[in-house]
């Protein structure tokens, strides 16, 4: 028995050493790629866009969009047929993966995580727009995405950032109800707390913890019941399966913690909570004004400590009127899906003559240094801190 314990301890130590070495290697490579010049300013247009007085246009009534790179290292790009509104998008643009049509394309799209330093770039024409497309925050990016080799190459950015040339939502958004829908909602007068007798649920599949999600979750668990599902939890619930959806119907709160604090990025867990009509509990350090439903979430940063968060959650859970106040938005708005690859939004932009001729001077600095993601903010020692947290998480998993 003692020998087995010694061997187990030795294997554990070796595994931890290996994890630390790999993390340090990626941190060093990431720092080399970033070419640190961090600033707190968010003046995107002033800092990273150079405009020109004259823009050449291809005078056509139909635009061609070429998806040049792979999409998450696969050949699959979604919605290649452009399923847009008839007469608005579908009949005005087409999307292709055929690289032989590059000279005839109005826009060439590069998926940011798939742009590698050794990527072969196509020839370009003066009336062509090169678009850098990205829906994930920097911590989800590969370390070598772009960098200095790609300065002064791309014309537009299309991403979840509101300061992009083309702002797109990765998951969902919302729009006003029409009058008939408002009457229907008022007539239903739904009690969203009905049938929910459990307190809080968390689903965690990404075990990296750059935003201290586990720390906050386990601290909150000292004061309130939380069930954790997913590969990083102790309960199983297949995503979007009927049995999993039935489980969610029992809970009043869903932890929707971001895995990193990033400018304008809203986790899909917030939207999933509202699709299930559960109050999301979030960890947003900045105000997401205009990006989410008004008065639709509980933010842990609005409280002095986790005990206060738990006490307030208990208060909301015990008061149906207070609980339903977090769904007042359903009387004015409805959720819409911004799924797919946003070809119609790009199509509209290609017909917008108000967008000037421009070039993105340094896409890497815009995507990383100008973000608020702590993991990539080189003026703070969070890279090493992040490694320590990941090692601690590994030790926690081994003990549990």
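Number of residues in region 226-248 that are on the phi < 0 side of the Ramachandran plot and exposed (fewer than 13 other Cβ atoms within 10 Å of the Cβ) equals 10.
When you scan region 181-188, do you find a residue that is at pLDDT 90 or above, in a loop (DSSP other than H, G, I, E, B) and not assigned by TED's automatic domain parsing to the domain that holds residue 311, even just one? Checked region 181-188: no residue is at pLDDT 90 or above, in a loop (DSSP other than H, G, I, E, B) and not assigned by TED's automatic domain parsing to the domain that holds residue 311. Name every residue in region 291-314 that is part of a helix (DSSP H, G or I), free of Cβ contacts under 8 Å to residues at least 40 places away in the same chain and either within 19 Å of residue 195 (Cα to Cα) or more than 25 Å from the chain's Cα centre (by Cα) (or both), in order of residue number. 308, 312, listed by residue number. Across region 59-73, not a single residue is classified as within 28 Å of the chain's Cα centre (by Cα), assigned by TED's automatic domain parsing to the domain that holds residue 359 and modelled with pLDDT under 80. Would region 323-334 turn up any residue that is touching a strand residue (DSSP E or B) at 6+ places or on another chain (Cβ under 9 Å) and either within 30 Å of residue 116 (Cα to Cα) or modelled with pLDDT under 90 (or both)? Within region 323-334 (the criterion being touching a strand residue (DSSP E or B) at 6+ places or on another chain (Cβ under 9 Å) and either within 30 Å of residue 116 (Cα to Cα) or modelled with pLDDT under 90 (or both)), the answer is yes, since at least one residue qualifies.
In region 315-334, the qualifying residues are those that are touching a residue at least 60 places away in the same chain (Cβ under 8 Å) and surrounded by fewer than 16 Cβ atoms within 10 Å (Cβ to Cβ), and the one that is nearest to residue 191 (Cα to Cα) is 320. Return the residues of region 251-279 that are touching a strand residue (DSSP E or B) at 6+ places or on another chain (Cβ under 9 Å) and assigned to a loop (DSSP other than H, G, I, E, B); say none if nothing qualifies. Passing the criteria: 256, 257, 258, 264, 266, 267, 276, 278.
Residues are listed down the side, and each one gets a yes or a no for (1) assigned to a loop (DSSP other than H, G, I, E, B); (2) assigned by TED's automatic domain parsing to the domain that holds residue 199:
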{"position": "288", "(1), (2)": "yes, yes"}
{"position": "316", "(1), (2)": "no, yes"}
{"position": "352", "(1), (2)": "yes, no"}
{"position": "358", "(1), (2)": "no, no"}
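When restricted to residues that are without any contact (Cβ under 8 Å) to a residue 60 or more places away in the chain and over 22 Å from residue 220 (Cβ atoms), region 245-265 contains 2.
The values are calculated or read from the model by the stated rules, or taken from the named source; none is laboratory data. The structure displayed is predicted, hence computed values, not measured ones. When we count neighbours, we look across all protein chains shown, and the Cβ atoms used for this are built from the backbone with ideal geometry, even at glycine.
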